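To start, the structure under review is shown below, and the notes come after it.
The values are calculated or read from the model by the stated rules, or taken from the named source; none is laboratory data. Note that the structure is predicted; figures quoted are calculated from it, not measured. Every residue, glycine as well, gets a Cβ built from its backbone with ideal geometry; the counts of neighbours run over all protein chains shown. All accessible areas refer to the heavy atoms of the entire protein, side chains included, with ligands and DNA or RNA removed. Shrake-Rupley method; radii C 1.70, N 1.55, O 1.52, S 1.80 Å.
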Amino acid sequence: MTDNKNRCVITGLGVINAIGNNVEESWNNALKGVSGIKNTNTVDTKDCYATLAAEVNYKELDSIPNTEKMDRVSKLCIKATLEALEDAKLKDFSGSERVSVIMGSCVGGAVSIDHYYRTDKNKDDVLKMPISAVAANVAHYVHAGGVVTNIGNACAAGTISIAYACDLIRAGKADVVIAGGADAFASVPYAGFLALHALDSNPCSPFNHCSGITLGEGSGAVIVESYEHAKARGAKAYCEVLGSGVSSDAHHITAPREDGEGQMNAINWAINTSGVKKNEIGYINAHGTGTAKNDNAEFLSLHTVFDGENDNLSVSSTKAMVGHCLGAAGAIEAVFSIKALTENKVPATLGYSDEDLVTLKDKAGKIDFIPNNSHDKNLDTVMSNSFAFGGNNASIIFSKKEGDVNTKNDCGKVYVTGLGMVTPLASGKANYVNAINNGVSIDNENPRSNASVEDYVEFGLKPLYRKHDNLSHLQVVSGMQALKDANITVTDDNATDIGIVVGSSEGALGTCLEFTENIVEKGCANGSAFKFPNTVYNAAGGYLSICSGIKGYNVTVTNGNQSGLQSVAYATNIIRQGKENYVLATGTDENIDYIKEVFTKLDYVADEVVKPFAGSDKFTLSDGSITVVLENDKNAKARGAKKYAEVLGYGMATKAVEYGKLSGTNDALKKAIELALEDANLTLADIDTVSGFACGMNKVDTIELDVLNDLFGDNLSNINLLEVKDHVGEARAAAASLSLAHASLMLAGEIESDNGYKFTNGSVQQAKVLAKDMKNVLCISYAIGGTYTAVIITK
């Protein structure tokens, strides 16, 4: 049986989609077989072969209080969240660091991106655009103070968000997590799937006609609680959340593997970590998009995994009613799965004619695909599957039983064993070290990193270079560099032992902007099939998986600049819990013209080089990609790996303020540091160096200095301050990762000294920092909206 500390329960449900504006309406309509698919008039459909969508019909959406500055995606998410909280009998959390928000999304504020180009490029649209805004807006609305981030793994995002919520609870990092996903119907996904010829001109027909998808929109939210917390407050629990599996195909950016290997890995890992048998799973809410490639692969996966071991399995795809809701799909389908479990009813897959039923009977075998009509069925355990662009796969299991989830959290120490670095100074670790040792720093107002075709040639990837966008170029090169530096060769034997966690502030926003500008000018019928796959935030991680052959855990986290350190925290958790032996933790952001334009709209970008503590109201916008290989101690020792540093602990906290703001969030940075110290079993007296986030913008730099002064007091004058943005500018997530990578290089002695800072006589002064004086380094990072991550590393 599962130890109580590993038990996670669902105590609240919320949903909004094309067949209902709340859980009961949606569920009742699902059981009746109501379809929400209709002709759309909200996007340009001129000359388009498919004009259907499953859109939300909720007139009060724009009247939700205090959401005027939010994109439609955040409004949908808040609507579902408020219902889930009411269902769980939870309200305002008063900033508690024990309450977290994890939300998934595929296209984020795509409605606002479209509006930006159809109007006068109003800067009011800019802060509504990134996926980062979604979870931040929810956290601000309910005053959550714990881990706040978004999962950007396209159509698997909602499922992964619930899996991560459970991981955080089992790691002791949270008591309550609001998890789910949201996406709004918009011209970007519509024109993109049109360009791929992936839309059905008729309502989608999963596992049947399989001639394309129908896009939907909406949001699903679940309240995940530790069993002990829920019991202590007398909460009702719908069910237990057991195991989950997250994998990568390493195959193709848009198409699944035909042999279903990655899907089966996710399904089997979910089963194996749940402590249930295959024949205990009574119902699966399938990914079931209605495309031939996806449905055929999933059909094969289900038969391969369950044939001969489960003769009582029912499977359906509710996308035939609510459409494909992208990043919201997994969360909405989790709600449907939990309702099926608790009410002992299984919803149908719509669209079967009498002739179709004959065909289905011939190929379904013993699996009940529930054609057309829902029915009663006694259920103890159910599964929900989500598969996505980038080759990402996720499965999760809900049950009335406790199962046997044995998350240990003690799978050894975590070491930094490899580094990949693409920065404005240089590409490659050796070149970066040489630049620092020679005192090289950014010397222009528009620094950009370069991952060239020559870099691809080095790793035998030249044919792939032109298929990848700039962000993916940066990520692929730094990732491959890190594997080489760590002396890791990916093989069939170890491919599933290696994971990837990409952290990005803006992710694929630049490509989204470019794609949208084109369709606003030329119409949705003329979207670029070449560019569309790169508009999803997990494209960079997907390409890295394809180029490297990595088939393990693959996730993209996005919540502002601190995402690059948050990826390290996430990866550390994965290794501690024994999910992978190695994880590539990255921070990647780009500075293409489209990104510079929107930052300039916010009046953030300086016309000259701005250094940390310059007292400016702007910063030097930059970019780059840093990949840190993290590895468990047993594995590192067995293969004689070089150890740059050990990761001792991490902490994440939020003082949720309006997205776009930072003032008044000092306490969250302080709390993140305190949590990291607790996790590392250290005190402030053990810290000798801080690798900070100062960028030259006064409102950012002041928070760092004020908090360090509050914490260290008179001892701050003895603390070394490293500020990597002195070298590379505001590279957002890349700079956050670099704060740890740079410090690791110094701890390992590869950088002997750096031009850092000291706090002297009440002010900050430049001072030489010597590597020999460093032992325990506190790395810190920030995000607008008030989220902070702290990671402590040691020699």
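For region 580-592, does any single residue satisfy the condition of being over 21 Å from A171 (Cβ atoms), surrounded by fewer than 23 Cβ atoms within 10 Å (Cβ to Cβ) and without any contact (Cβ under 8 Å) to a residue 40 or more places away in the chain? Within region 580-592, none of the residues are over 21 Å from A171 (Cβ atoms), surrounded by fewer than 23 Cβ atoms within 10 Å (Cβ to Cβ) and without any contact (Cβ under 8 Å) to a residue 40 or more places away in the chain.
Out of L682, L675, L669, one residue alone is more than 16 Å from F759 (Cα to Cα), in a loop (DSSP other than H, G, I, E, B) and of a type in the set (A, V, I, L, M, F, W, C). It is L682. Could you figure out which of (1) out of contact with any Asp or Glu (no Cβ under 9 Å at 6 or more places or on another chain); (2) over 30 Å from V188 (Cβ atoms) isn't true of G330? G330 satisfies every listed condition except (2).
Here is a check on your reading of the model: is L738 open to solvent by 10 Å² or more (accessible area, probe 1.4 Å), touching a helix residue (DSSP H, G or I) at 6+ places or on another chain (Cβ under 8 Å) and of a type in the set (A, V, I, L, M)? Walk me through it before giving the result.
On the way: open to solvent by 10 Å² or more (accessible area, probe 1.4 Å): no; touching a helix residue (DSSP H, G or I) at 6+ places or on another chain (Cβ under 8 Å): yes; of a type in the set (A, V, I, L, M): yes.
Against the criterion (open to solvent by 10 Å² or more (accessible area, probe 1.4 Å), touching a helix residue (DSSP H, G or I) at 6+ places or on another chain (Cβ under 8 Å) and of a type in the set (A, V, I, L, M)), L738 does not qualify.
Of the residues A174, A182, which is over 14 Å from G327 (Cβ atoms) and either in contact with a helix residue (DSSP H, G or I) (Cβ under 6 Å, 6 or more places away or on another chain) or part of a helix (DSSP H, G or I) (or both)? First the steps, then the outcome.
Working: A182 fails: over 14 Å from G327 (Cβ atoms).
It is A174.
Take the residues in region 636-651 that are farther than 24 Å from L168 by Cβ and not aliphatic (A, V, I, L, M), then tell me which one is least open to solvent (accessible area, probe 1.4 Å). That would be Y644. The condition (being part of a helix (DSSP H, G or I), without any contact (Cβ under 8 Å) to a residue 40 or more places away in the chain and surrounded by fewer than 19 Cβ atoms within 10 Å (Cβ to Cβ)) is satisfied by just one residue among E60, E68: E60. For region 443-494, filtering for residues that are part of a loop (DSSP other than H, G, I, E, B), out of contact with any strand residue (DSSP E or B) (no Cβ under 9 Å at 6 or more places or on another chain) and either acidic (D, E) or surrounded by 22 or more Cβ atoms within 10 Å (Cβ to Cβ) (or both) leaves 5. Output the residue which, of all residues in region 77-96 that are among the aliphatic types (A, V, I, L, M) and surrounded by 20 or more Cβ atoms within 10 Å (Cβ to Cβ), is farthest from T149 (Cα to Cα). Filtering first and then ranking leaves A88.
In region 410-420, is there at least one residue being part of a helix (DSSP H, G or I) and among the hydroxyl-bearing types (S, T, Y)?
So the first thing to find is which residues in region 410-420 are part of a helix (DSSP H, G or I), and the list is none.
Within region 410-420, not a single residue is part of a helix (DSSP H, G or I) and among the hydroxyl-bearing types (S, T, Y).
Checking the condition surrounded by fewer than 17 Cβ atoms within 10 Å (Cβ to Cβ), out of contact with any Pro (no Cβ under 9 Å at 6 or more places or on another chain) and more than 30 Å from A734 (Cβ to Cβ), which residue from D356, D404 passes? Spell out the reasoning first.
Numbers: D356 fails: out of contact with any Pro (no Cβ under 9 Å at 6 or more places or on another chain).
Checking each option against the conditions leaves just D404.
Among the residues making up region 310-323, those that are open to solvent by less than 10 Å² (accessible area, probe 1.4 Å) and not polar (S, T, N, Q) are L313, V315, K319, A320, M321, V322, G323.
Being open to solvent by 10 Å² or more (accessible area, probe 1.4 Å), touching a Leu at 6+ places or on another chain (Cβ under 8 Å) and outside any helix (DSSP H, G or I) is a description that does not apply to K768.
Among L90, L76, L82, which is the only one that is part of a helix (DSSP H, G or I) and either of a type in the set (V, I, T) or farther than 25 Å from C512 by Cα (or both)? Steps first, please.
Details: L90 fails: part of a helix (DSSP H, G or I); L76 fails: either of a type in the set (V, I, T) or farther than 25 Å from C512 by Cα (or both).
The match here is L82.
Taken together, the residues in region 223-281 that are polar (S, T, N, Q), in a strand (DSSP E or B) and either under 20 Å from A154 (Cβ atoms) or open to solvent by 30 Å² or more (accessible area, probe 1.4 Å) (or both) amount to 3. Whenever a residue of region 82-103 is of a type outside the set (F, W, Y), its partners that are open to solvent by 70 Å² or more (accessible area, probe 1.4 Å) and in a loop (DSSP other than H, G, I, E, B), lying with C-beta atoms within less than 6 angstrom and at least six residues away or across chains, give the pairs D92/H143; S94/H143; G95/H143.
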